[in-house]
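Everything on this sheet refers to the single structure shown next.
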Amino acid sequence: MEAVIDSTSDPSGYSEGARDKKKPRSLYLRALALGIAAGCGLGYFGHHFQVNAAPQDACKRWEAAICRGVGQDTYACQQAKTASALLLSGPACAQAQPSVQAKVEQIKAGRGPCTELSDRLCNQLGPEGQGCELVRSKAPTFSVKDCEDMTKNYDQVLAQIMSRQTRGTLPGLQARPEAP
């Protein structure tokens with residue numbers, strides 16, 4: 001059915017009967033558009049609230065789990081403390097929590113150069129000596145790069161520890177050997 005144009009009564013050009021038939025459809029389209037906009041807005045803000053609703057202590061729990069797995073005085077634990085305090089958000093820590101055990105295993109596996117250095121030094125210093133005890137206690141606090149550097153300078157590191165062990169002065173092992 002065609003709309004009858006009556007230009008004298010309505011500026012839209014439709015007669016009253018045609019305009020009445022168009023109203024329900026127009027109202028439906030407006031309601032649909034409003035519903036879509038409201039749904040998108042609520043979805044965005046709902047997601048934002050859900051993501052930011054992660055507990056603030058999620059990073060402390062993540063940090064504690066990492067440190068329990070690798071040791072409180074280790075280099076990796078210190079890195080986890082820094083990350084949880086300065087770098088990671090609560091939601092990021094909450095998302096990382098389920099994979100803590102896998103991360104601990106990965107950290108331990110990556111510490112091979114430090115384990116090898118400790119074993120090698122203790123074999124030469126004697127497993128019961130103060131030098132070996134110092135190496136075993138300090139090696140976990142070094143980064144893998146520090147252990148690799150000490151391995152490159154192995155003879156100097158060994159000489160430094162042996163000299164201190166002989167003198168009875170083993171205050172601490174340095175990541176980089178002292179100059180002779």
**Request:** Go through the residues of the range 126-140 one by one and say whether even a single one is under 26 Å from Asp57 (Cβ atoms) and surrounded by fewer than 14 Cβ atoms within 10 Å (Cβ to Cβ).
**Result:** no
**Asked** Does the range 117-140 include one or more residues that are part of a loop (DSSP other than H, G, I, E, B) and on the phi > 0 side of the Ramachandran plot?
**Response** yes
**Asked** Restricting attention to the range 116-125, and to residues there that are closer than 20 Å to Tyr75 by Cα and without any contact (Cβ under 8 Å) to a residue 24 or more places away in the chain, which single residue is surrounded by the most Cβ atoms within 10 Å (Cβ to Cβ)?
**Response** Ser118
**Asked** Is it true that Lys145 is free of Cβ contacts under 8 Å to residues at least 24 places away in the same chain, under 21 Å from Gln79 (Cβ atoms) and in a helix (DSSP H, G or I)?
**Response** yes
**Message:** Here is a check on your reading of the model: is Thr151 touching an Asp or Glu at 6+ places or on another chain (Cβ under 8 Å) and under 24 Å from Cys77 (Cβ atoms)?
**Reply:** yes
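Filter the range 37-80 down to residues that are of a type in the set (Lys, Arg) and modelled with pLDDT under 95, then give me how many there are.
Start the filter on the range 37-80 by keeping residues that are of a type in the set (Lys, Arg), which leaves 60-61, 68.
When the remaining residues are screened for being modelled with pLDDT under 95, the result is 60-61.
Residues meeting the conditions: 2.
So that you can scan it fast, the table gives a plain yes or no per residue for (1) buried (at least 19 other Cβ atoms within 10 Å of the Cβ); (2) within 29 Å of Met150 (Cα to Cα); (3) in contact with a Gly (Cβ under 8 Å, 6 or more places away or on another chain):
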| position | (1), (2), (3) |
| --- | --- |
| Glu63 | yes, yes, no |
| Arg68 | no, yes, no |
| Gln78 | no, yes, no |
| Leu88 | yes, no, no |
| Ala92 | no, no, no |
| Gln95 | no, no, no |
| Gln106 | no, yes, no |
| Gly112 | no, yes, no |
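The values are calculated or read from the model by the stated rules, or taken from the named source; none is laboratory data. Treat the numbers as computed from the prediction; the structure is a model and nothing was measured. Cβ: placed from backbone, ideal geometry, glycine included. Neighbour counts: every protein chain shown.
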